[in-house]
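No lab work stands behind these numbers, since they all come straight from the coordinates. Treat the numbers as computed from the prediction; the structure is a model and nothing was measured. We place every Cβ from the backbone using ideal geometry, glycine too, and count neighbours over all the protein chains shown.
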Amino acid sequence: MLDIAFESRIFPASLWQGVLARLDGAWCRATVLDSVMAGWRCELVDLGQVVTVVPLEIADLPPSVLEIPALSTCCSLALGQEWSGLRRPGRTG
């Protein structure tokens, strides 16, 4: 997430356009997925989350962040598998 102020607002956004979307007071890199009644449905590329943002909470993506790769990775577990990446206190193995 970017913690910098931006004054530039874009309207209308284009589908699949890279933008900044404001989430909980911070600017996040996003891709515009769809136009909805409330604004724009965007995928936050670094969080892997889909959110709807109002037009005042979407801004131009600065060129300085275009080359940074996405920080989220789509993944899933096979059905019936338990992830053992985190160890619970008191467990071994």
How far apart, in nanometres, would the label points at Ser14 and Ala38 be if each is projected 7 angstrom from Cα along the Cα-to-Cβ direction? 2.7
Charge tally for neighbours of Leu23 with beta carbon under 11 Å away, counting Lys, Arg as +1 and Asp, Glu as -1, is -1
Once both labels are modelled 7 Å past Cα along the beta-carbon direction, what's the Asp60-Cys74 spacing in nm? 3.0
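Highest first, please rank the peptides 23-30, 38-45 by the mean number of other Cβ atoms sitting within 10 Å of their residues. Spell out each step's value before the answer.
Values: 23-30: 17.2, 38-45: 19.0.
My ranking of the peptides, most packed first, is 38-45, 23-30.
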Please turn the phi angles of segment 54-66 into ³J(HN,Hα) values with the Karplus equation 6.51 cos²θ - 1.76 cosθ + 1.60 (θ = phi - 60°), one per residue in order, whole Hz, x for glycine and proline. 7, x, 6, 10, 9, 9, 4, 7, x, x, 5, 10, 5
